[in-house]
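Enquirer: The structure that follows is given in the form of structure tokens.
The values are calculated or read from the model by the stated rules, or taken from the named source; none is laboratory data. Just so it is clear, the model here is predicted, and its values are computed rather than measured. As a convention, Cβ positions derive from the backbone with ideal geometry for all residues, glycine included, and neighbour counts pool all protein chains shown.
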Amino acid sequence: MGASGVLREMLLKEGLIIAPGAYDCVTAKLIDQAGFPAVYMTGAGTSASRLGFPDYGLITMSEMVANAGAIAAAVRVPVIADADTGYGNELNVARTVREFEKRGVAAIHIEDQVFPKKCGHLEHKEIVPRAEFLSKISAAAGERHDPDFVIIARTDAIAVAGFDEAIVRANDALAEGADVAFVEAPQTEEQLRVIPRLVKGPCLLNIVQGGKSPPVTLKQAQAFGYRIAILPTMLLAAVIETCELVLRAITQSGAIPATEHPLTIRELFERFGADEWDQTQSRYKA
């Protein structure tokens, strides 16, 4: 069974699918090794790590697909990828779906922002008309080659057109063939609580530390009825903070700071399959 089939089976079972955000193969493999059932490829993290740019819609479809494909090849669990707005009209969306499918990605989400989009937890977002959004979701669902490939419809309408419009868009997108609804940036705890009740299908929750939504625990997200929780910036923020602390310590003291549990070089490479590569070499070495 392919990764998309595995993810689809997960959605049929009870419980919350927790997918921490990866921006490269290092973070993806650590998520996999930690035992999480899925990896989320963050668009914000991809833009930052590959280009050094903010999440302002500056990254292309090809760049996103390349990163998603590398991550999918590096892990054993399904990868859910950010596909922004689908990168154009219905034809572009159809190609976007096919390109992610070919790389072994299990799911993508497509949103209703005007292109170029920006992070869903920033100000001054714009959204396309509902009919345009729904035509993209219809194209995404209709043009996938793998029937198990999961289409997630994301709406940013709460900040622009209000909560009621966001719920309408989510339900209409499910009616057009989306498998999961993603209502971005709920503004109150009550909105967080009622979205899974008002949406007629599985719901994804985006948990962003320091974002527009009130804090919510994974236990609460499951109790509210969400089926997938992504944590896109968790590792990116942790890495940035750690790197800044280490670099500051070096510049201030002139010494390399000690870590609590320093890794040997061998242990470092074991995180990335050194043992398996050694076994492969031993089978064929003369």
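Enquirer: When you look at Gln281, is it surrounded by 10 or more Cβ atoms within 10 Å (Cβ to Cβ) and on the phi < 0 side of the Ramachandran plot, yes or no? Quick ask: steps written out before the conclusion?
Expert: Numbers: surrounded by 10 or more Cβ atoms within 10 Å (Cβ to Cβ): no; on the phi < 0 side of the Ramachandran plot: yes.
It is false that Gln281 is surrounded by 10 or more Cβ atoms within 10 Å (Cβ to Cβ) and on the phi < 0 side of the Ramachandran plot.
Enquirer: Out of curiosity, is Ser282 hydroxyl-bearing (Ser, Thr, Tyr) and over 30 Å from Pro186 (Cβ atoms)?
Expert: Details: hydroxyl-bearing (Ser, Thr, Tyr): yes; over 30 Å from Pro186 (Cβ atoms): yes.
It is true that Ser282 is hydroxyl-bearing (Ser, Thr, Tyr) and over 30 Å from Pro186 (Cβ atoms).
Enquirer: Let me ask something else about it. Test Lys117 against the criterion of being in contact with a Lys or Arg (Cβ under 7 Å, 6 or more places away or on another chain), among the charged types (D, E, K, R) and within 27 Å of Pro20 (Cβ to Cβ), and give yes or no. Spell out the reasoning first.
Expert: Values: in contact with a Lys or Arg (Cβ under 7 Å, 6 or more places away or on another chain): no; among the charged types (D, E, K, R): yes; within 27 Å of Pro20 (Cβ to Cβ): yes.
For Lys117, the condition - in contact with a Lys or Arg (Cβ under 7 Å, 6 or more places away or on another chain), among the charged types (D, E, K, R) and within 27 Å of Pro20 (Cβ to Cβ) - is not met.
Enquirer: May I ask you to list the residues in the stretch 9-38 that are among the small types (Gly, Ala, Ser) and within 13 Å of the chain's Cα centre (by Cα)? Walk me through how you get there before you give the answer.
Expert: Let us first name the residues in the stretch 9-38 that are among the small types (Gly, Ala, Ser), namely 15, 19, 21-22, 28, 34-35, 38.
Across the stretch 9-38, the qualifying residues are Ala19, Gly21, Ala22, Ala28, Ala38.
Enquirer: Which one of Glu99, Glu90, Glu111 is of a type in the set (Asp, Glu), at pLDDT 95 or above and under 16 Å from the mean Cα position of the chain (by Cα)? Steps first, answer last, please.
Expert: Numbers: Glu99 fails: under 16 Å from the mean Cα position of the chain (by Cα); Glu90 fails: under 16 Å from the mean Cα position of the chain (by Cα).
So the residue among Glu99, Glu90, Glu111 that is of a type in the set (Asp, Glu), at pLDDT 95 or above and under 16 Å from the mean Cα position of the chain (by Cα) is Glu111.
Enquirer: Next question, about the same structure. Which members of the stretch 131-166 meet the condition of being polar (S, T, N, Q) and under 14 Å from Ile195 (Cβ atoms)?
Expert: So in the stretch 131-166, the residues polar (S, T, N, Q) come out as 135, 138, 155.
Thr155, the sole residue that qualifies.
Enquirer: Looking for something touching a strand residue (DSSP E or B) at 6+ places or on another chain (Cβ under 8 Å), over 23 Å from Ala223 (Cβ atoms) and not in a helix (DSSP H, G or I) - is there at least one such residue anywhere in the stretch 162-174?
Expert: no
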